[in-house]
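Working notes, beginning with the structure itself.
The values are calculated or read from the model by the stated rules, or taken from the named source; none is laboratory data. Everything quoted here is computed from the prediction, not taken from an experiment. Please note: Cβ atoms are built from the backbone with ideal geometry, for glycine as well, and neighbour counts cover all protein chains shown. Protein only, heavy atoms only, side chains kept; ligands, DNA and RNA dropped before computing areas. Shrake-Rupley method; radii C 1.70, N 1.55, O 1.52, S 1.80 Å.
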Amino acid sequence: MKGILFTADNHKAIREGRKTVTRRVIKPQPPDDARLINACGIYSFEIDGEFEPLPKPRYQVGEVVYIKEAWAGNRGQGWIYKSDYDLLPWSEDDKQRRTPIKWRSPLFMPAWAARDFLQITDVRAERLQEISYFDIKKEGWQPEMGLAPRSGGEIIIEGGLRPQDWYENLWDSINGEGDYALNKWAWRYEFKRVAKPVSPLV
């Protein structure tokens, strides 16, 4: 079983039901002047009449994957998860008394220690900046009071922040400042939370 990484905030949004879509950069990237071809869900790109297949997406429709996160504990006593632990209402005395925990890297988390599982329901390739308002909501954005359509149909939050600005900030916080502006090709994965498999593989 494959794992997938999310930031703590994005993982929280998934658990709260606010996030059902994620995007991951296609590697290697098609050339800038490539034209994307989608034939029954099989993607390739065309340049000067020549066709090249896109790399196969890491996750496939119908596949169940698990969320990797920082964790600690053992099979006998159970697991604790850093994202939950950090949110506990520790007092200053508690912080001074508690024993430091040696967290295990999420990169090496096995499926049997995971608590959240996702089933991939849709996969497609697109440019980052093609993201729609409705997909930004699926990425975890929550509309604020004062949201209204402006001239040209563009949606702007009161104060001047567009939903696209929020997503650009989110993307750059994960992938590096200015990465969104490069408008890379990405795999768009849609998913739903599912119950933990009876015997998830390592």
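Cβ contacts < 7 Å: first residue in contact (Cβ under 8 Å) with a residue 40 or more places away in the chain, restricted to segment 33-55; second residue among the basic types (Lys, Arg) and in a strand (DSSP E or B), any location; separation 6+ or different chain. Result?
Short answer, once both residue conditions are applied: none.
Those residues that are open to solvent by less than 60 Å² (accessible area, probe 1.4 Å) and either modelled with pLDDT of 75 or more or closer than 18 Å to Lys196 by Cα (or both), I need them from segment 80-102; list them, please.
Tyr81, Ser83, Tyr85, Ile101
For segment 19-40, give me the residue count where each residue is out of contact with any strand residue (DSSP E or B) (no Cβ under 8 Å at 6 or more places or on another chain) and open to solvent by less than 60 Å² (accessible area, probe 1.4 Å).
1
Could you check, for segment 149-162, whether at least one of its residues is modelled with pLDDT under 85, in a strand (DSSP E or B), over 25 Å from Arg23 (Cα atoms) and open to solvent by less than 40 Å² (accessible area, probe 1.4 Å)? Before you say what the answer is, go through the steps one by one.
Residues of segment 149-162 that are modelled with pLDDT under 85, as a first pass: 149-162.
Subset that is in a strand (DSSP E or B): 149, 155-156.
Going one step further and asking which of them are over 25 Å from Arg23 (Cα atoms), we end up with 149.
Subsequent filtering for residues that are open to solvent by less than 40 Å² (accessible area, probe 1.4 Å) retains none.
No, segment 149-162 has no match at all.
Being among the charged types (D, E, K, R) and at pLDDT 95 or above is the filter; apply it to segment 103-129 and report the residue that is most open to solvent (accessible area, probe 1.4 Å).
Asp122
Which condition number in (1) among the polar types (S, T, N, Q); (2) open to solvent by less than 40 Å² (accessible area, probe 1.4 Å); (3) in contact (Cβ under 8 Å) with a residue 60 or more places away in the chain is the one that Gln60 fails?
If we test Gln60 against (1) among the polar types (S, T, N, Q); (2) open to solvent by less than 40 Å² (accessible area, probe 1.4 Å); (3) in contact (Cβ under 8 Å) with a residue 60 or more places away in the chain, just (2) comes out false.
Of the residues Val194, Val202, which single one is open to solvent by 20 Å² or more (accessible area, probe 1.4 Å), farther than 15 Å from Arg24 by Cβ, at pLDDT below 80 and β-branched (Val, Ile, Thr)?
Step by step, each of Val194, Val202 is checked, and only Val202 is open to solvent by 20 Å² or more (accessible area, probe 1.4 Å), farther than 15 Å from Arg24 by Cβ, at pLDDT below 80 and β-branched (Val, Ile, Thr).
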